[in-house]
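The numbers here are math on the coordinates, done by the rules we state, and not lab data. Predicted, not measured: the structure shown is a model, and the values here were computed from it. Every residue, glycine as well, gets a Cβ built from its backbone with ideal geometry; the counts of neighbours run over all protein chains shown.
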């Protein structure tokens, strides 16, 4: 599973809402990662299979799926 976690600096990183983003677009992932900065902890995967695998082990606040 390909993922990149974006947590805020300091001890608050684990307290941020966790958002799972499913997209095969590097550009969209980068834009969302920047938008999440300091407000959400983002986990980014490229496909639904990776998303399902992640969701089996983690609770997330919400999931963003790219409609492509």
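A few points about this structure:
- Difference of contour (0.36 nm per residue) and Cα-Cα distance, residue 58 to residue 37: 5.5 nm
- The packing ranking of peptides 23-34, 55-66, 40-51, highest mean first, is 40-51, 23-34, 55-66, where packing means the average number of other beta carbon atoms within 10 angstrom of each residue.
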